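In what follows, a single structure is set out as structure tokens and then discussed.
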Amino acid sequence: MIRKIIHIDMDAFYASVEQRDNPELRGKPIAVGGSERGVVAAASYEARKFGVRSAMPSKTALRKCPQLIFVKPHFENYRAVSYQIREIFLEYTPLVEPLSLDEAYLDVTENLKGMSSATEIAREIKARIKEKTQLNASAGVSYNKFLAKLASDYKKPDGLFVIKPNQGEAFVESLPVNLFHGVGRVTAEKMNKMGIFNGADLKEKDEAFLKKHFGKIGGYYYNIARAIDNRIVNPERSRKSVGSENTFFRDLETRAELESGLEPIIRDVWKYCAKTHIYGRTITLKVKFLDFHTITRSKSALSPIMDKDFFERISFELLEQIYPLPKGVRLLGISLSNLESTDDMIGKQLTLAF
Amino acid sequence: MKFVVSSSVLLKQLSAVNGVIANNPIMPILENFLFQLDQNQLTVTASDSQTVMITTLEVESNESGAIAVPARLLLDTLRGLPEQPITFKVDSETFGTEIISENGRYKLSGENSIDFPKVPQVAKSLSVQLPADVLASAIGNTIFAVSNDDLRPAMTGVYVQLSAEYTNFVATDGHRLIRYRRSDVKSDYESTMIIPRKALNLLKSSLPSDDTTVTADFSQSNAFFSFNNIRMICRLIDERFPDYENAIPQNNPNVMTINRMELLSSLRRISIYSNKTTHQIRLKLSTNELIISAEDLDYSNEANERLICDYEGEEMEIGFNAKFLVEMLGNLSARMISLEMSVPNRAGLIIPSEKEESEDILMLVMPVMLNSYA
């Protein structure tokens, strides 16, 4: 059966919330994030005209747009809005898969309102969001997740775009590969070198070729080039990792600076674990140097790490591995993966942590 | 080549080294004993290519030569013979081997001795001498906790840490860890190695139970043990042993001290009622009282016992695998032991209250999760 999937994506989410809450910011180029260091978490459409993008280092953003206004993030407000829009989604279908605070997939093949047109549902949802939050969302409607996401991006901001079952393949064929969800900058460059520039080029390659050059994900590329994506909308998609990171005001250079920089990050991650009773087996340290070169170091225990001292010790041991320091460090992060909830561990023999 | 030997003397020596021979060796030649005769000295070698055991015995002969003889056939023959001198006659062309007893002849087809793999030579880099009973005790106290998990090869042997003050013998299967320390075994040079379980099991069964001196030589990749007329060579496990010191919890404010045998017998009784796969039992500790309980929900069996102990610390409940506790406590000989704990999801430490001279034992066991703790 052909499914009906909607992808809802809030437009310039953090920036729009800030502009809504502070009229002085409306109509101006703003960036949510730190002005000195760090990166742009979100840019308003006014700022985007200057080429400011999210994840761009703040310094670069300021160079592109000298009148850019930096706004400190207010995550509690974003979360509140996210909750409001999720309430709206759930009125239509229980099959809601949130991707982040401002993005979600909805499977409305069967929906609670008994509506036959997914486009109509998308239009209603957009209107309800606007009414309830005064914010714009873009919606994409199609028969699978991959296309729905492409569609929501296609007419941003405040867009609504539908890719019908007979249009999917043609749509993908003309699409440059760098716009494919799941193809990053590096992969796109690699594909370009192989003469793959758009969906049609990608479609010419067989599955074995793609798997050979791109690994397991090659199979996914093979399918999406044909507009095939059978991933279900999974409302219970669980968290794969938890982590915290910090971009420092000044590059860290000494051991003492690095250690005191890492400490609060470890504490944050642990606080989450203790609160949720979810613990991880693998600890990963992320280090971004002043030239943005990023490395990760990780270590896995045999069973989830539930001992704070041990968690701390391993984190610091991972930090040890980056000495001697080749250059200053601008960002440190710690994340835990291979997560397990202690509720699932009752009756389980615990394992020594090495 | 020909020699005469007492059937029982030969049987005894062959039995001492026979354990090395694998059931279905990759190289069929390793189903044989290698006999090397040099006048009245017969050297017998058995090997599984990782471990080699060699013994020498005196025979009557003035010849020399070598032959590989099928181990199983020869042992079965000798076991059935009453004690008597027997004669071995080897045809060096056909490798046919004939055993002549008082009232019969047995013909075995041997194999060319040059097909038998070469035994690694001692490339000594470190040498330690220790009494056989000390080595046997170090093996006995650790080997039961060695892992069977071939995915973690480092843990399939006993980790030996030699230093100028003491020697540690460490074994772990990830659920428990034993550190057996001897202050009477020392080395001027610090060194570490992992000795595989099979070699240690073989050593354990062939070591004399007295203070006969055992010489242990270690090279980069092999260990060489020799005592009396027996030599053993084994390949060391070339892996990094887990950083076990860090796994030993340092602050354990909750300490129970209890009679070892009383605890052990109680655990044996209670574990009958525990779940047959998890062997989970529950220890409930409060001031000077220990309640051990178990239940098997599948069969609605349950049991509990109340024991008197000396307990200092906060009231707590902690779960363990009873099999682990029984095995660990059963290996100790102290009258009193203490169990030191911090929280129900961290390792418990079992430490004998009385110490033998020059011996220090630390046992660590991970709990079984009872509830969720945070």
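The values are calculated or read from the model by the stated rules, or taken from the named source; none is laboratory data. For clarity, every value in this text was computed on a predicted model and none was experimentally measured. Cβ: placed from backbone, ideal geometry, glycine included. Neighbour counts: every protein chain shown. Remember, those area values only see protein heavy atoms, side chains included, never the ligands or the DNA or RNA. Shrake-Rupley method; radii C 1.70, N 1.55, O 1.52, S 1.80 Å.
Quick look at the values:
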quantity: Candidate set: segment A:154-175, residues that are open to solvent by less than 40 Å² (accessible area, probe 1.4 Å) and in a loop (DSSP other than H, G, I, E, B); chosen: the one modelled with the lowest pLDDT; calculated: A:Leu175
quantity: Residues within segment A:274-307 that are crowded, with 16+ Cβ neighbours inside 10 Å and within 17 Å of A:Ser341 (Cβ to Cβ), tallied; calculated: 12
quantity: Residue in segment B:336-346 that is touching a Lys or Arg at 6+ places or on another chain (Cβ under 8 Å) and within 14 Å of chain A (Cβ to nearest Cβ) present; calculated: no
quantity: Only one of A:Ser303, A:Ser335 that is under 30 Å from B:Thr277 (Cβ atoms), out of contact with any His (no Cβ under 6 Å at 6 or more places or on another chain) and not β-branched (Val, Ile, Thr); calculated: A:Ser303
quantity: Filter result for A:Glu46 (over 26 Å from A:Ser241 (Cβ atoms) and of a type in the set (Asp, Glu)); calculated: yes
quantity: Qualifying positions in segment B:335-346 - modelled with pLDDT under 95, within 17 Å of B:Thr287 (Cα to Cα) and either polar (S, T, N, Q) or open to solvent by less than 10 Å² (accessible area, probe 1.4 Å) (or both); calculated: B:Ser342
quantity: Flag if A:Thr254 is touching a Lys or Arg at 6+ places or on another chain (Cβ under 9 Å) and outside the structural domain of A:Ser142 (by TED's automatic domain parsing); calculated: no
quantity: Enumerated strands (runs of 3 or more DSSP E) restricted to segment A:214-316, each holding at least 3 residues that are within 14 Å of chain B (Cβ to nearest Cβ) and within 25 Å of B:Val368 (Cβ to Cβ); calculated: A:278-289
quantity: Residues satisfying the stated conditions in segment A:296-354, i.e. touching an Asp or Glu at 6+ places or on another chain (Cβ under 6 Å) and under 16 Å from B:Pro242 (Cα atoms); calculated: A:Phe354
quantity: Hits in segment B:279-322 (condition: open to solvent by less than 40 Å² (accessible area, probe 1.4 Å), more than 14 Å from chain A (Cβ to nearest Cβ) and in contact (Cβ under 8 Å) with a residue 60 or more places away in the chain); calculated: B:Met316
quantity: Answer residue from segment B:241-268, given it is over 30 Å from B:Pro196 (Cβ atoms) and facing chain A (nearest Cβ under 10 Å) and is most open to solvent (accessible area, probe 1.4 Å) among those; calculated: B:Gln250
quantity: Filtered residues of segment B:1-22 (kept if polar (S, T, N, Q) and in a helix (DSSP H, G or I)); calculated: B:Ser7, B:Ser8, B:Gln13, B:Ser15, B:Asn18
quantity: Sole exception among (1) within 14 Å of another protein chain (Cβ to nearest Cβ); (2) within 25 Å of B:Thr172 (Cα to Cα); (3) open to solvent by less than 50 Å² (accessible area, probe 1.4 Å) for B:Ser271, by number; calculated: (1)
quantity: Single residue of segment B:136-162 satisfying the filter (hydroxyl-bearing (Ser, Thr, Tyr) and either at positive phi or open to solvent by 10 Å² or more (accessible area, probe 1.4 Å) (or both)) that is farthest from the other protein chains (Cβ to nearest Cβ); calculated: B:Ser137
quantity: Sole exception among (1) open to solvent by 10 Å² or more (accessible area, probe 1.4 Å); (2) over 23 Å from A:Leu95 (Cβ atoms); (3) in a loop (DSSP other than H, G, I, E, B) for A:Asn178, by number; calculated: (3)
quantity: Index of the failed condition, B:Leu263 passing every other in (1) in a helix (DSSP H, G or I); (2) in contact with a helix residue (DSSP H, G or I) (Cβ under 6 Å, 6 or more places away or on another chain); (3) not β-branched (Val, Ile, Thr); calculated: (2)
quantity: Residue count for segment B:317-369, restricted to those that are closer than 20 Å to B:Thr277 by Cβ and outside any helix (DSSP H, G or I); calculated: 9
quantity: Filter result for B:Val170 (under 22 Å from A:Leu302 (Cα atoms) and open to solvent by less than 10 Å² (accessible area, probe 1.4 Å)); calculated: yes
quantity: Any hit, segment B:323-334, residues being within 13 Å of chain A (Cβ to nearest Cβ), at negative phi and crowded, with 20+ Cβ neighbours inside 10 Å; calculated: yes
quantity: Output for segment B:165-185, where each listed residue is in a loop (DSSP other than H, G, I, E, B), away from chain A (no Cβ under 12 Å) and not β-branched (Val, Ile, Thr); calculated: B:Glu165, B:Tyr166, B:Ser183, B:Asp184
quantity: Residues within segment B:96-119 that are open to solvent by less than 50 Å² (accessible area, probe 1.4 Å) and in a loop (DSSP other than H, G, I, E, B), tallied; calculated: 5
quantity: Odd one out for A:Ile334 among (1) more than 14 Å from chain B (Cβ to nearest Cβ); (2) of a type in the set (Val, Ile, Thr); (3) part of a loop (DSSP other than H, G, I, E, B); calculated: (3)
quantity: Test: B:Thr56 is touching a residue at least 24 places away in the same chain (Cβ under 8 Å) and either part of a helix (DSSP H, G or I) or farther than 21 Å from B:Ala22 by Cβ (or both); calculated: yes
quantity: Matching residues, segment B:23-46, being among the polar types (S, T, N, Q), part of a loop (DSSP other than H, G, I, E, B) and more than 20 Å from B:Pro85 (Cα to Cα); calculated: B:Asn23, B:Asn24
quantity: In segment A:317-331, residue nearest to the other protein chains (Cβ to nearest Cβ) [restricted to those that are under 22 Å from A:Gly34 (Cα atoms) and crowded, with 18+ Cβ neighbours inside 10 Å]; calculated: A:Val329
quantity: Test for A:Ala227: is it surrounded by 12 or more Cβ atoms within 10 Å (Cβ to Cβ), more than 23 Å from the chain's Cα centre (by Cα) and either under 29 Å from A:Tyr105 (Cα atoms) or among the polar types (S, T, N, Q) (or both); calculated: no
quantity: Qualifying residue in segment A:337-348 (condition: away from chain B (no Cβ under 14 Å), within 26 Å of the chain's Cα centre (by Cα), part of a helix (DSSP H, G or I) and farther than 24 Å from B:Thr172 by Cβ); calculated: no
quantity: Residue match in segment B:334-351 (condition: under 25 Å from the mean Cα position of the chain (by Cα), hydroxyl-bearing (Ser, Thr, Tyr) and either assigned by TED's automatic domain parsing to the domain that holds B:Ile258 or farther than 23 Å from A:Gly280 by Cβ (or both)); calculated: no
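Every residue, every condition in (1) touching a Lys or Arg at 6+ places or on another chain (Cβ under 8 Å); (2) at pLDDT 95 or above; (3) of a type in the set (Phe, Trp, Tyr), yes or no:
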site: B:Asp150; (1), (2), (3): no, no, no
site: B:Lys186; (1), (2), (3): no, no, no
site: B:Tyr189; (1), (2), (3): no, no, yes
site: B:Ile233; (1), (2), (3): no, yes, no
